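Here the structure is laid out as structure tokens; the discussion comes afterwards.
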Amino acid sequence: MQLPFWKWAWLPAVLLIAGKMDQVGGRNYLDLARTDNRLTRLPFFGGGVGHLLRYLHPLSLNPSGERGRISELRSDLDANYVSYRGAQLWKLNFNATRGSSMEEREEEHEEEPEERQVVASPDAQFNEVVALFGSEVWNINQDGIDILIEQRNVADARKFMDKVGFSYNVMIDDIESAIDETYVEVPAAEHPLDSVRNNSLPWMERPGSLMSWRRYHDHADIQQFLQTLLENHSENVEIIQIGVTRNKRPLEVIRVSNGNPDNWAVFVDAGLQARDWLSPAALTYAISKLTHLWGRPKGTGQGQGQGQRQSRAEKAMRRIDWYFLPMANPDGYQYSRHTDRLWTKNRGYDSESGCYGVNLDRNFEYGWGGFGSTSNPCKNLYRGAQSFSEPESRALRSFLSGMREYLGAYVSLSGYGQAITYPWGDADYVTENQRDLKQTARRAILALRRLNQAEYSAGTSYRQKLARPGNSADWVQDRIEPQMVFNMFLKDQGRYGYLLPPHYIVESGEEVFEFLRTIAQQLQ
């Protein structure tokens with residue numbers, strides 16, 4: 001009897017994996033898959049054989065001596081894999097308030113790639129470091145400028161910095177090794193908060209869900225997690241597909257509500273930047289906690305004083321219709337997981353240049369095309385051929401426009417910088433609701449400090465130097481005008497940047513939940 005295709009199609013895939021992965025640390029990966037190790041538990045493979053091959057990255061390599069093999073095996077599974085071996089993350093220590101923003105300066109260099117240009121300003125020599133040696137500016141923060149230095153430029157950049165006598169710190173001495181760290185799962189016994197609180201985080205154990213928040217999960221795992229919430233909380237949860245990407249992945253919003261038509265709505269998105277793995281992980285954690293507490297009997301498991309404070313806050317959260325988009329850029333996210341860990345755009349294709357991707361946080365209409373973006377389709381800051389050229393940004397525009405009458409707050413989560421910002425980003429203007437925004441941000445900062453001594457800064461995107469022309473928050477403020485509009489830039493302040501190890505997921509998820517709770521209490 002001939003077996004159906006689906007029953008034998010996995011065989012060559014398994015044989016290929018066995019041949020490629022060989023032996024690591026004396027154990028074959030197929031042997032690891034037979035153990036109870038939670039890292040190797042396979043998700044629902046909606047993507048077929050290709051998904052299986054890409055999922056079976058060596059996530060379970062924990063011993064430090066085996067780190068170097070992780071990227072090699074990823075490279076074997078994807079011929080287009082981009083390696084950052086030997087590249088470094090530097091922090092240039094200088095006062096970033098002088099002159100134009102570094103992203104504006106980077107843009108000037110991007111527009112004239114053949115003739116390197118040095119801006120005549122007090123910071124001209126720092127501009128020269130970026131122009132001559134830096135492949136990308138990652139962030140501007142209180143301590144300085146974070147730039148990526150490719151391996152071929154490291155030695156020359158060191159000589160230049162020694163010559164001019166400026167201060168810098170090497171935050172990551174090998175980007176590829178730091179990338180390997182983001183694929184590792186944290187053992188339960190070592191997990192922060194989990195062990196400290198004696199496993200008192202029941203929302204981390206979702207029956208039937210593949211999400212563990214001990215590692216960064218695949219997009220399919222996140223989808224399966226949302227489906228699990230829908231099945232287990234059908235009276236309060238629904239999933240709304242607001243669009244599809246160019247690669248036909250769904251853009252799924254999960255709505256959590258008590259069904260009261262008089263509720264204000266709060267919309268929260270995460271992951272507009274593909275390499276930002278932290279914000280989708282932190283947001284799904286916050287969603288899991290919210291849905292768990294929603295159905296919990298009042299006053300359980302807490303001291304009297306804390307219980308009263310918690311119950312008031314949770315009561316405020318139940319008066320909100322929550323709309324969450326945990327994965328705003330699924331195409332780019334999956335590409336960053338499989339091929340280029342530092343990919344930041346979506347996967348749109350420009351036929352003239354042959355380059356892929358538009359930076360979604362530069363594609364919204366307000367301020368579109370300004371400094372800090374580029375018209376070059378091959379650059380990370382590419383804004384698109386026109387505003388709302390991408391299906392992801394158009395889906396957000398359509399859905400948020402339909403919420404105009406009852407949208408109380410909009411929050412966009414991203415990494416990194418540890419800052420809570422609000423409009424505007426293009427100039428030092430004052431919005432009509434700025435007093436309320438400032439007050440809420442200050443309350444949130446105090447709450448985060450009480451939570452885990454996290455130090456966040458607050459202010460307008462312009463003053464925080466985190467402005468992005470064509471970003472979603474400024475457009476929402478301009479066109480929808482809810483009571484509150486925020487960007488929350490999660491951990492950290494430059495030690496790891498976009499390559500934050502998974503040890504920090506739970507801590508960041510708690511911070512997101514605390515911020516959302518503050519907004520619920522402030523929303524009138």
Separation between the Arg442 and Asp428 pseudo-spin-labels, each 7 Å from Cα along Cα→Cβ, expressed in nm? 1.9
Give a residue-ordered list of calculated ³J(HN,Hα) values for the range 163-174 (Karplus: 6.51 cos²θ - 1.76 cosθ + 1.60, θ = phi - 60°; whole Hz; x for Gly, Pro). 5, 7, x, 8, 8, 8, 10, 8, 7, 10, 8, 8
Take the range 217-303, compute every pairwise Cα distance, and split them into 5 Å bins from 0; I just need the percent in each bin. 3, 11, 21, 25, 19, 12, 7, 2, 1, 0, 0
May I ask you to compute the full-extension gain from Glu231 to Arg450, defined as 0.36 nm times their residue separation minus their alpha-carbon distance, rounded to one decimal in nm? 75.4 nm
Share of accessible surface on carbon and sulfur in the range 394-524, whole %, 1.4 Å probe and ligands ignored, is 41
Could you work out Rg/(2.2 N^0.38 Å) for the range 410-515, with Rg from alpha carbons only? 1.04
Estimated distance in nm for a label pair at Arg158 and Arg319, the labels positioned 7 Å out from Cα along Cα-to-Cβ: 6.0
Any of Lys315/Lys491; Lys289/Lys315; Lys248/Lys289; Lys345/Lys379 with alpha carbons more than 20 Å apart? Name them for me. Lys315/Lys491; Lys248/Lys289
State the volume of the convex hull built on the alpha-carbon positions of the range 313-429, expressed per residue in Å³ and rounded to an integer. 147
Cα-based Rg (one decimal) and Dmax (whole number) for the range 339-384, in Å? 10.3, 32
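The values are calculated or read from the model by the stated rules, or taken from the named source; none is laboratory data. Small disclaimer: the values here were computed from a predicted structure and weren't measured. For neighbour counting, all protein chains shown are included, and Cβ atoms are generated from backbone atoms with ideal geometry for every residue, glycine included. Heavy atoms of the whole protein, side chains included, go into the accessibility calculation; ligands, DNA and RNA do not. Shrake-Rupley method; radii C 1.70, N 1.55, O 1.52, S 1.80 Å.
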